[in-house]
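**Student:** The structure is given below, and queries will be raised subsequently.
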Amino acid sequence: MRRALPVIVLAVAVTSAVLGWWRWWTAPPSGTELALASLAALVPSDADGVLFLADPARAARWAAGREQVLALVTLAAPAARTAPPELRNLLAAVVRTSPPALAAWWRGPEIAAAAPLGSRDASALGRAAALTGTLSRVLTGAQPTPVFEVATSPALFAAGRTFPAPPAGPGRASALCFTAGRWWRVEAARSRLEISSGAGAEPPPIGSASIVTTQDLGALGRLLGAPDWLPRAPARLAFGPAGWAVALDGDAVGAEARRLLALGGDVPAEHPPGARHWRGVLGDVWVVPGRPLEIASSPSMLETAGGEPPRANAGALRGADLAAALTRLAHALETLPMLGSSASDLRAVAASAARLRLVRWRVAPQGGRVVLEW
């Protein structure tokens, strides 16, 4: 026993060291808000949007396996996916140098980024940019350390007027972002991501069914990778173990869409009163005509989509509920020859949604808040 004691102590020490290293390695990114805000001097005043990211190397490790975070970046900067491969490779190299922060900004399809680096790293990346024909420059004196900048257009380099600094406090944040005309503060934890702006109301709590309200169903669908043919109208959606339901303005569902939904039959339903039973491209659905028009995959789901017309973009949904609903929709679309690619896109989104435990949000003119949990 006396001989075994040193071995036990050593094993405990090694285990503690490994766990401590693992917690440090997988910790979420964090930096002072004032340091992030100081990067605004690198951005031209006419940028459409800006992202100041703390500890980008750590952020990349934290985001690995959380593709929903990358989807939010694409939402903030839709043109980011069109960045040339040379620029993406150079940005990856910048991240690997572990700068304390990274600034990225965009105007239309043009994208630029900058990070404070040591002189040696900045010079090496400048040579790499020259070899690939990517526009870059190194600034000295603008920050305490040299700054490496890269862009798809020289017009994105700040000259004269610079972007207004965000209203940063003395605390810490994972990122600051300007998009859609407002500043957002981002704070990451190990299993949670919170994004807030202004005095937005608390997101709705999760109930027995996942509920989403939107003032534009078509825009929401495009964000999720859904087909472009979704109607542009306010809508309330519900997802749950019993299926799905949607309520929207009756005029938003055109005659052709109604024909496809009721292609195999349109008969009175036994429950609830006034409901119809349609059989079409989505299989069996139950409908309550009127304004709003309510459509559901089962009679029990019809009531979940009722309520006042949406006054804000809000929701509280479980990833599993959304994944199940998207999978059902993809299965229905696969039966239509012209919509096979849309079904594949929906299945990909469903797989990503299934890995998200819960998401809640409310976005209104006075502010907004988004919370993701894994």
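**Student:** Using bins 10 angstrom wide from zero, how does P(r) for the range 85-211 break down, in % of all Cα pairs?
**Tutor:** For the range 85-211, the binned pair fractions read 10, 34, 32, 16, 6, 2 percent.
**Student:** Per the Kirkwood formula on distinct C-alpha pairs, the Rh of the chain is how many angstrom?
**Tutor:** Working: mean 1/r = 0.0427 Å⁻¹.
That comes to 23.4 Å for the chain.
**Student:** Which whole-Hz ³J(HN,Hα) couplings does the range 164-170 yield from phi under the Karplus relation 6.51 cos²θ - 1.76 cosθ + 1.60, θ = phi - 60°, glycine and proline marked x?
**Tutor:** x, 5, x, x, 8, x, x
**Student:** If we count every other residue with Cβ under 15 angstrom of Ser153's Cβ, Lys/Arg +1 and Asp/Glu -1, where does the sum land? Can you show the working numbers first?
**Tutor:** On the way: positive: Arg107, Arg137; negative: Asp46, Asp48, Glu86, Glu110, Glu149.
Combined, the nearby Lys, Arg, Asp and Glu give -3.
**Student:** Another question, if that's okay. Taking the Cβ-Cβ separation of Ala364 and Asp249 as r and a Förster radius of 22 Å, what is the calculated FRET efficiency to the nearest 0.05?
**Tutor:** Details: r = 20 Å, r/R0 = 0.93.
Computed FRET efficiency for Ala364 and Asp249: 0.60.
**Student:** Calculated from DSSP H runs of 4 or more alone, at -39500 (n - 2.57) each and per residue, what is the 222 nm mean residue ellipticity of the chain, nearest 500?
**Tutor:** Values: 10 runs with 115 residues, N = 374.
Helix-only estimate at 222 nm: -9500 deg cm²/dmol.
**Student:** Considering Cα pairs under 8 angstrom that are at least six residues apart, work out the relative contact order of the chain and quote it in whole percent. Mind showing how you got there, number by number?
**Tutor:** Values: 777 pairs, mean separation 57.2, N = 374.
Relative contact order comes out at 15 percent.
**Student:** Along Cα→Cβ, 7 Å out, is where each label goes; now give me the distance between the ones at Arg232 and Ala60 in nm to one decimal.
**Tutor:** 3.9 nm
**Student:** What is the range 242-374's relative contact order, in percent, from Cα pairs under 8 angstrom and six or more apart in sequence?
**Tutor:** Across the range 242-374, relative contact order equals 20 percent.
**Student:** Next up: Let me check against my output: what whole-number percent is the relative contact order of the range 31-196, with C-alpha pairs under 8 Å and at least 6 apart?
**Tutor:** Details: 315 pairs, mean separation 54.9, N = 166.
About 33 percent, as a whole number.
**Student:** Pop the C-beta distance of Thr335 and Arg291 into the FRET formula with R0 = 25 Å and round what comes out to the nearest 0.05.
**Tutor:** On the way: r = 30 Å, r/R0 = 1.19.
According to the calculation, E is roughly 0.25.
**Student:** What ranking do Phe52, Phe178 get, fewest neighbouring Cβ atoms within 10 angstrom at the top?
**Tutor:** Working: Phe52 29, Phe178 22.
Ascending Cβ contact count within 10 Å gives the list Phe178, Phe52.
**Student:** Given +1 on the Cβ of Lys and Arg, -1 on the Cβ of Asp and Glu, and no further charges, what dipole in debye does the range 108-264 carry about its Cα centre, rounded to the nearest 20? Don't skip to the answer; put the middle values down first.
**Tutor:** Numbers: 14 positive and 11 negative charges, 71 e Å.
Using Cβ point charges on Lys, Arg, Asp and Glu, the range 108-264 gives about 340 debye.
**Student:** Could you list which residues have their amide H under 5 Å from that of Phe163, counting only those 5 or more apart in sequence or on another chain, with H placed in the peptide plane?
**Tutor:** Counting only residues 5 or more places away or on other chains, the set is Val43, Ser45.
**Student:** Through the Karplus equation 6.51 cos²θ - 1.76 cosθ + 1.60, θ set to phi - 60°, convert the phi angles of the range 206-212 into ³J(HN,Hα) values in whole Hz; use x for Gly and Pro.
**Tutor:** Whole-Hz 3J(HN,Hα) from phi for the range 206-212: 7, x, 5, 10, 6, 10, 10.
**Student:** Show me the ranking of peptides 266-278, 350-362 by mean Cβ neighbours inside 10 Å, starting with the highest.
**Tutor:** Details: 266-278: 13.4, 350-362: 18.6.
Per-residue Cβ counts within 10 Å, averaged per peptide and sorted highest first, yield 350-362, 266-278.
**Student:** Using the count of nearby Cβ atoms within 10 Å as a rough guide to exposure, how do Leu117, Leu260, Leu53 rank from fewest to most? If you can, show how the numbers build up before the last one.
**Tutor:** Details: Leu117 23, Leu260 14, Leu53 27.
Final ranking by Cβ density, sparse to dense: Leu260, Leu117, Leu53.
**Student:** Taking 0.36 nm per residue of separation and subtracting the Cα-Cα distance, what length does fully extending Arg137 through Ala201 add?
**Tutor:** Fully extending the segment from Arg137 to Ala201 adds 18.7 nm.
**Student:** Could you give the length gained on full extension between Ser98 and Ser344, defined as 0.36 nm per residue of separation minus the Cα-Cα distance, in nm? Spell out each step's value before the answer.
**Tutor:** Values: separation 246, 0.36 × 246 = 88.56 nm, distance 3.67 nm.
Full-extension gain reported as 84.9 nm.
**Student:** Still on this structure: In what order do Arg172, Arg347 fall by count of nearby beta-carbon atoms within 10 Å, going from fewest to most?
**Tutor:** Values: Arg172 15, Arg347 19.
Ranked by crowding around the Cβ, least crowded first: Arg172, Arg347.
**Student:** Convert each backbone phi in the range 289-297 into a coupling constant with the Karplus relation 6.51 cos²θ - 1.76 cosθ + 1.60 (shift: θ = phi - 60°), then list the ³J(HN,Hα) values in order as whole Hz, x for Gly and Pro.
**Tutor:** x, x, 10, x, 7, 10, 10, 9, 7
Coordinate-derived values only; no laboratory data. The model shown is predicted, which means the values in this text are computed figures rather than measured ones. Heads up, the Cβs are rebuilt from the backbone with ideal geometry, glycines too, and the neighbour counts pull from every protein chain shown.
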